[in-house]
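This report refers to the structure that appears directly beneath it.
Nothing in this text is a laboratory measurement; each read-out follows from the coordinates by a stated rule. All values derive from a computational prediction rather than experimental measurement. Cβ: placed from backbone, ideal geometry, glycine included. Neighbour counts: every protein chain shown.
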Amino acid sequence: MKLFNISLVSHLTVLSLPLLFLFTSCIDENLNIDPNRPSSVQTTSLIVTAQKQLVDNVKSEPASLRSSALFTQQISQVTYTSQSRYDIPFSYSETIWNGLYKAVNNLQEIIILNSNPETKDLVTADGAGRNSTQIAISKILKSYAFYALTDIFGNVPYHSYGNNDPEFEALQQETNNLTPAYASQEKIYADILNELKQAGDTLIKYQAETTFGASDIIYGGNNLKWAKFANSLRLRFATRLKVKNPELYSSHFTDALTKGVFTSNADNAIFKYSTASPNEAPYYRATVTANRRDFAISKPFIDLLKGENPQIPFADPRLSKFAALNSKGEYVGLPYGLTESEAGSFPATEVSLPGAIYSAPDFGEVLMEYSEVAFLQSEHNGWSQTDYINGVRASLEKWGVTDSEVENYIASLPVANQRNVLNQKYIALFTQFLEGWSEYRRTGFPDFLIKRGDIIYSGQVNGGQVTYTFNPLFGDGGVPSRLYYPVKEQSVNLTSYQDAIAKQGNDVIETKLWVFK
């Protein structure tokens, strides 16, 4: 038996796993132990590592705070503002790419250990759960990692558990494939849906059992909740294909609903961090631990929540949950997309930083929640009013809004239609910045996001009247459509990289991805 190689880019770099194997060339007869067989195979350790790697990277500064959180324009930069003007360093791409493929490889290691005849019996010991459910949960998390990769970059090296498509060349360790092809988004999305369907079906079959136990930070080993998560993700990803492949959209959406999706906030998929170092939440580490105040709630988002945007002309009680008061006891948003010299006129003490809930070290980062499921159902049902209300209510309740505030807000809502449902979905996806960015690219809503030439601030600065406009440094003037591929790919996997951009378009941030065209 051999250790599984963890590849950062194209399976070139080997990393150590939190898994103990003992090897020697002979049998120690004094101990009567065969060291050529692993004495301890800890998939429970691997699942903790993989879950944290996945969430850490999806919610990281490169993938979230300094890119997708800015692209949704819910967050603005207090200082070093170039990323809000779409100057995204190439190093961000490498960090995201490497981190997510590490998580994928650890999840694949769990699948291999549960499939290998030499280890499959050992890994079910001590309540870790049966082989098939360990594989199913790993497939769900792998699908989530690949969703993040493909939504950020487009075509990427992809691996499937049950599909031998020759285009799926990632993780090919036995054949030592160092230059895997980039799979198309069309194939990736279709296969992710099938992987989730198969995983969900397995977990429903064994819904009364548990898997990974307390080592599963997200659901504490609850197979039924994992099945609901798999089917709820199918709603998200099938909806991506609503225009591209209506038949696949309809079949997966209907089947997932039949088998069971999220029905309340109790089902939400949340990875809760710790108050103990070094396991605090990503935003806390980027600000409190790093002793920085680089991020504030944006003026467009604060204005929306205060009822100053005509599309939602009434106050949102989530404002006090999302944002903190400034030094004057007011909610003041930071203009989005300022130059660094302009931003110097808006010190962190005078604007609203993210609120106490998101700023906590043990914040629970959301992978998916019930409010999104309700909004997806509203869209599927022709923008239904009932599902729309359910989605808004779920979001308000999740953030701890009082019952009376919930009822007053819901009573003020405009009738369900595409704009109104998607505006509320945009608000509810706060902190789920990657999905918020993806939804904007899919739908074009909210349709009030700032573009090149728009006025971002007009008022008094240092005793004089000023007007600042948005002037992005890169792109076509609108929200970026993707991030660059890692520069390293051009040296270690050049042929596949060139093939990807030939099919997808130039390696620039304005190239629209297939799933969002």
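Under 5 Å from the amide H of GLU510 lie the amide H atoms of SER481, each residue being 5 or more positions distant or on a separate chain, with H modelled from the backbone and absent for Pro and chain starts.
Peptides 85-94, 494-503 ranked from most to least packed by the mean count of surrounding Cβ atoms within 10 Å: 85-94, 494-503. Remark: the chain carries a charge dipole of roughly 580 debye about the Cα centre, counting +1 on each Lys and Arg Cβ and -1 on each Asp and Glu Cβ. Each of the peptides 195-201, 368-374, 402-408 was scored by the mean count of other Cβ atoms within 10 Å over its residues; in descending order, highest first, they stand as 368-374, 195-201, 402-408. Annotation: amide H of ASN222 within the under-5 Å range of THR211, sequence separation 5 or more or interchain, hydrogens built in the peptide plane.
With each label point set 7 Å from Cα along the Cα-Cβ vector, what nm distance links GLU350 and ALA411? Here the modelled spin labels are 3.9 nm apart.
Could you line up LEU113, LEU434 from fewest to most neighbouring Cβ atoms inside 10 Å?
On the way: LEU113 25, LEU434 21.
Starting with the residue having the fewest Cβ neighbours, the order is LEU434, LEU113.
Sorting LEU367, LEU325 by the number of Cβ atoms found within 10 Å of their own Cβ, with the fewest placed first, yields LEU325, LEU367. Calculated on the alpha-carbon coordinates, the convex hull of region 307-357 measures out at 98 cubic angstrom per residue.
Counted by Cβ distance under 11 Å from THR49, the other residues give a net charge of 0, where Lys and Arg count +1 and Asp and Glu count -1. Among the chymotrypsin sites (Phe, Trp or Tyr not before Pro) within region 309-350, those in coil by DSSP and having at most 13 neighbouring Cβ atoms inside 10 Å are PHE314.
The HN-Hα couplings worked out from phi for region 275-282 by the Karplus form 6.51 cos²θ - 1.76 cosθ + 1.60 (θ = phi - 60°) are 7, 8, 5, x, 9, 6, 5, x Hz, whole numbers, x standing for Gly and Pro. A simple spin-label model places the labels of VAL288 and VAL487 3.5 nm from each other, with each point 7 Å out along Cα-to-Cβ.
For the chain, the Cα-based Rg and Dmax, in that order, read 23.4, 87 Å. Placing pseudo-labels 7 Å out from each Cα toward the beta carbon at ASP447 and LYS187 gives an inter-label distance of 3.7 nm.
Each peptide in 58-65, 75-82 was scored by the mean count of other Cβ atoms within 10 Å over its residues; highest first, the order is 58-65, 75-82. I need the Kirkwood Rh of region 149-296: take the reciprocal of the average 1/r across all distinct C-alpha pairs and report it in angstrom. Mean inverse Cα-Cα distance, inverted, gives 17.8 Å.
Between amide H atoms placed 1.01 Å from N, distances below 5 Å from GLY364 occur with TYR273, all of them 5 or more places distant or on a separate chain.
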